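> Sharing a structure, written as structure tokens. Questions coming.
Since every read-out is calculated from the coordinates, none of them should be taken as a lab result. Fair warning: this is a prediction, and the values are worked out from it, not measured in the lab. Neighbour counts are summed over all protein chains in view; Cβ atoms, including those assigned to glycine, are modelled from backbone coordinates with ideal geometry.
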Amino acid sequence: MKQEINTTIDSPWYVKMISAFSGWLASLFLLGFIGMAFSFVFEQSGVALFVSGVMMGGAFLLLRHSKNDFTEHMGLAISLAGQALFAYALHDLSARAAIFWLPMFLLQIVLITAVSHFSHRVFSSFVATISLTMLLSTIGLFYITHAAMLFLAALCWINEFHYPHHIKKIRAIGYGIVLALIGLKGMALFGHKTLESILFQDQWIQLIEPWIGEVLISAVALYVVWILLSRYGHGLLEQTSLLVLFGTLLLCGVSMEAPGITVGVVILLLGFYGSNRLLMGLGTVSLLFYISSYYYLLDTTLLNKSKTLLLVGLALLGVRWMILFFLAPKEGSNA
């Protein structure tokens, strides 16, 4: 029986980079020409919505039938420009914030389902996460957004190998959610008081909201740790499981004073579980960012920050010691 030989030659990275740059450059010139020749598009919201739909439809056909890097990146650029035009027109038509964010979220869901391009799905998942976060914020559920996004990301990365035919789609959605979560959590650390003062008028809600959010994030962290323990064959009442869950709970408790650390640790755990170096890198960078950002916040004194970071460091070292001591194979044990 003869085997088919793949004669396709993969282009070098620098050829792909030049083709990608050429595709984006050609798209920018094309969009600039359209913008100057048809300036009336930006003056009428209905026309802008129609043109944005045409652009996204054309980009869909380009990406679906793309056979080279040039047309692939050209289609990606046209799609992003069409989405920007859609958001511009929708902003003029929206009387309330919810009317703007709900169509944006639904559009991204359609694009995630229809467009099979990996980078496009990552971007659509990123925008969908932000749109859903802002939509929940407009109805007073801002405090659950970070925990909900972390839970969705955990579902993607924990179950990515359960659906081998959809693994690329799951990874693209997972990357988009994680990138949006890291950015949103970072913005919350620096601007959460201003955002809360806009979304909530009651002072008691502004007081308890950060604590409720961190409690929900801690619940997601405990869920992820428990799932990973069960995947490695550890029962709930085993000594190893109890110690690891206790260490996780301790870390979550300490992180109440330094928000974001639990999110970074969970992303790092998910990357380690799937042997995903990029996800582990994102978790490490986000963890360092959250720790550094907490140190430079002006809400508490430098002494209290130092104490909190010391406790966080001790908790992380304690969890690491428990994992190495109880989960690592003993030297000389039978494989």
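> Express in nm, to one decimal, how much length is gained between Leu278 and Leu303 on full extension, taking 0.36 nm for each residue of separation and deducting their alpha carbon distance.
Numbers: separation 25, 0.36 × 25 = 9.00 nm, distance 3.47 nm.
Here the answer is 5.5 nm.
> Computed FRET efficiency, Cβ-Cβ of Leu237 and Gln44, R0 51 Å: what is it to the nearest 0.05? Could the numbers behind the result be given before it?
On the way: r = 66 Å, r/R0 = 1.29.
Efficiency, from the Cβ-Cβ distance: 0.20.
> Please turn the phi angles of segment 245-254 into ³J(HN,Hα) values with the Karplus equation 6.51 cos²θ - 1.76 cosθ + 1.60 (θ = phi - 60°), one per residue in order, whole Hz, x for glycine and proline.
5, 5, x, 5, 5, 5, 4, 5, x, 5
> Using the count of nearby Cβ atoms within 10 Å as a rough guide to exposure, how do Met56, Met36, Met74, Met280 rank from fewest to most?
On the way: Met56 22, Met36 8, Met74 26, Met280 18.
Least to most surrounded, the residues fall as Met36, Met280, Met56, Met74.
> Counting other beta carbons within 10 Å of each residue's own, what order do Val178, Val285 fall into, fewest first?
Details: Val178 31, Val285 14.
Listing Val178, Val285 from fewest to most nearby Cβ atoms yields Val285, Val178.
> Between Leu250 and Tyr163, how many nm apart are label points set 7 Å from Cα along the C-beta direction?
My value for the distance between the label points is 3.8 nm.
> Would you kindly state how much longer the chain becomes between Tyr296 and Leu317 on full extension, computed as 0.36 nm times their sequence separation minus their alpha carbon distance, in nm to one decimal? All intermediate terms of the calculation are to be shown ahead of the outcome.
On the way: separation 21, 0.36 × 21 = 7.56 nm, distance 2.30 nm.
Stretched out fully, the Tyr296 to Leu317 stretch lengthens by 5.3 nm.
> Between Lys67 and His91, with labels modelled 7 Å along Cα→Cβ, what's the label distance in nm to one decimal, could you check?
4.0
> Follow-up. Each residue of segment 267-274 in turn: what ³J(HN,Hα) in whole Hz from Karplus with 6.51, -1.76, 1.60 and θ = phi - 60°, glycine and Pro shown as x?
Working through the residues one at a time gives 4, 5, 5, 5, x, 5, 5, x Hz.
> Got a sec? How would Tyr163, Tyr273, Tyr223 order by Cβ neighbour count within 10 Å, fewest to most? Before the final figure, lay out the partial values.
Details: Tyr163 10, Tyr273 19, Tyr223 15.
Taking fewest neighbouring Cβ atoms as first place, the list is Tyr163, Tyr223, Tyr273.
> Provide the gained length on full extension for the span Phe29 to Leu155, in nm with one decimal, where the gain is 0.36 nm per separating residue minus the Cα-Cα distance. The partial results should precede the final answer.
Numbers: separation 126, 0.36 × 126 = 45.36 nm, distance 4.07 nm.
Between Phe29 and Leu155, full extension yields 41.3 nm more.
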